[in-house]
Amino acid sequence: MKSSPPPGDASRGDGAGQRHKLWGGRFKAGPAAALTAVNRSIEVDFRLWPYDIWGSQGWAEALASAGVLTAEESSTIRIGLEGVAKRFEAGELPIDSDEDVHTMIDRLLHEEIGDVASKLHTGRSRNDQVATATRLWIIGSIDSIETELRALQAVMLRHAESLTDAVMPAYTHLQRAQPVSAAHWMLSHFWPLQRDYDRIMFASIAASSLPLGSGAIAGSAYRVPREELRERLGFLRLSDNSIDAVGDRDFIADMLYAISMLGMHLSRLAEDMILFGSSEFGFLRFGDAFTTGSSMMPQKRNPDVMEIARGFGARSLGALTTLLATLKGLPSGYNKDLQDDKRILFDAVDGVLLVLPAVAGALAECAFQVDVMERAVSSGMMATDLADYLVGKGVSFRDAHGAVGSLVRAAEEAECELDELPPERFKGAHAMFGADAREWLDARASIARRDVAGGTGPNAVRKQIEAARAVLEEKPEP
Ligand code: ARG
C-alpha cells in the first residue's frame, strides 16, 4: 500500500507551497479546507508577534538554564528570533499554511536558523504561549489608552477653567433641577474618566501574571527557572496553577470591563453633548473639524463623533458580555473557544483608541454658549433655595417644602415664573416670607451657597479644578 507523508511533515508539498505545522504526526489524512479556515487565527493574532517573540526569547534562555539547550543553541535561537522580528518589521506577511502567529514565527525561525529551531518548543505549548503573549500585549497597550484618556481629561479641564463663571441648569430626570457652574458640569465627566484610568491600571496589573511554564495543562516537565523567566519578561507574579493559568482569561475580562466602563462614560458624555448641541438646547456649538454634513439637507451639521462614541459604548459592553458568556461554560484548562478572546479584546482596544482622540477633538472645538445656558436657568430652579430661606427662619424643611410647592403651583397656574408672582402670594404661602425672599431666587447666589466640598460653589469648584490639575500633573491631590 502506498503511504503518503503525514500532513504535519514539513517536507510535504501540497501544491499550495510548503506546509509548516506545529502538529499533525498522528493524523493520516490532512485537514479539511473548512477546518483550516475556521481554525486559522493568524488574521487576528498576527499583531501578537512582538510579544510572542519576546516570550520565545525568554523561553530559549529558560531552556538553557534547564539544561535542555546548550548555551550556543539558546543563543542561536535568540539571535534567530531577532532576525524573525526584523522580517516582521520589514513587512513579512503570513502564508496560507500559517495557522496562527506562533506557527508563523516557528516557520520563520526555521527559515532563519534551520533545524535547531525545532528545539524551541520543548516543554512549551501554544496554550501557555498565547496566554503569555496576550498578557504582554495588554500590558503594552495600556500606555496608549492612558495617553488618550489623559488628553481627553485635559480638554475637559481646559473647558472647566474657562467656564467657572458660566451658569447652567443641572438636570435630574432630564428636567431642570438646580443651577450649577458649567465648570462643575464639565468636571462631572472628568472624574468618571479618572476612575476608568484607575481601572485600566488595575487591568494591566491583573495581566501581569506569567503563565509560561504551565505547558499545555500540567506544567513543563523541564526544570525551567520560572522566577528568572518572570523577571526577564517583566511580569509581577507567577501563575500559581498550570490548569488555571492556561484557561484563565480573567485579565482580559478585567480589561474589557475597564474599557466598557470607559465606553459607557464616553457614551454618557456624548449624550450630554448631543443634547446640549441641539437647537432646542443651544448650549454649545460644534466645530467644523469633528462634525459632518448631510448629503441631502444643506443646513445640517451632525455630531457624528459623539454618536459613534455612544455606539462604541454598546460595542464595548458587547465585548465584555461575549467574553464572559464564552468563559462561563468552559471546562477547566484550555479550550479552543478561547481563541476568539483576542478578536474581542483587539476590537475593544482598537475601538477605544479610535474613539478617545475623536471625542477629545470634538470636545476641544466646542464653543459653549454661556448666555444661552444662563437664560435656561429659570427662577423655579431655585425653589429649594426658597425652602432653605424658610428653614433659616426656623421653619421645618417639610413645611417649607409644602409652602414653596404651593407657590410653584400658583406660578404654574398663572403661567409665570416663580419670581414673577406678586409679593403677597409669598406671604400667603407662608407668614415667614419677608421682602428679602426674592434674593434667594438668584441663580448665582444659589450656586455660591453650595460651597461644600464637591459642590458647585465657587471655592469648591476652584478646589476641584486644582485637584483635576494635580491628577493630570500626576501630583497627589491637595
Ligand atoms: N491560536 C490559539 C489561540 O489563540 C493558540 C493556542 C492553540 N492551542 C491549541 N491547543 N490548539 O488560542
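Couple of notes before you dig in:
- Here the Debye sum runs over all C-alpha atoms of the stretch 50-150 as equal scatterers in vacuum, and log10 of I(q)/I(0) at q = 0.13, 0.19 Å⁻¹ comes out as -0.48, -0.93.
- Taking only the Cα atoms of the chain, the radius of gyration and Dmax are 31.2, 112 Å.
- Pairs from Lys86/Lys119; Lys21/Lys119; Lys119/Lys342; Lys21/Lys342; Lys21/Lys336 whose Cα-Cα separation, in the structure shown, is over 23 Å: Lys119/Lys342
- Among Arg199, Arg237, sorting on how many other beta-carbon atoms sit within 10 Å of each Cβ, with the fewest leading, yields Arg237, Arg199.
- Cross-link partners of Lys463 among aspartates and glutamates, defined as those whose alpha carbon lies under 17 angstrom from its own and excluding same-chain residues fewer than eight positions apart: Glu161, Asp165, Asp451, Glu473, Glu474, Glu477.
- Estimated inter-spin distance, Val372 and Ala151, nm [label 7 Å along Cα→Cβ]: 2.7
- Sparse packing (at most 10 other Cβ atoms within 10 Å of the Cβ) combined with a DSSP loop state is found for none of the trypsin sites (Lys or Arg not before Pro) in the stretch 409-478.
- Proximity of backbone amide H atoms, modeled 1.01 Å from N, is registered between Thr456 and no other residue at under 5 Å, excluding neighbours fewer than 5 places apart on the same chain.
- Spin-label pair Asp442/Glu231, simplified geometry with 7 Å Cα→Cβ offset, distance in nm: 6.9
- Fewest neighbouring Cβ atoms within 10 Å first, the residues Arg315, Arg301, Arg19 line up as Arg301, Arg315, Arg19.
- Cα gyration tensor shape for the stretch 398-450, rounded if a/c is under 1.5, else prolate or oblate: prolate
- By the count of neighbouring beta-carbon atoms within 10 Å, fewest first, Met261, Met306 end up ordered Met261, Met306.
- Between Lys86 and Arg343, the modelled labels are 3.6 nm apart [label points 7 Å from Cα along Cα→Cβ].
- The stretch 166-230 and the stretch 281-338: distance between their alpha carbon centers, rounded to Å: 18
- Kyte-Doolittle mean at least 0.0 and Cα axial length at least 20 Å: DSSP H helices in the chain: 190-207, 250-277, 304-328, 341-364
- Built amide H within the under 5 Å cut-off of Leu238, gap 5+: Leu210
- You can think of it this way: the chain between Thr384 and Ala71 has 104.8 nm of extra reach, that is 0.36 nm per residue less the Cα-Cα gap.
- Taken over the stretch 364-460, the ratio of Cα radius of gyration to 2.2 N^0.38 Å equals 1.20.
Every read-out reported here was derived from the displayed coordinates using simple, explicitly stated rules and does not represent laboratory data. Bear in mind the structure is a predicted one, so any value in this text is a computation, not a measurement. Virtual Cβ from ideal backbone geometry, glycine too; neighbours counted across all protein chains shown.
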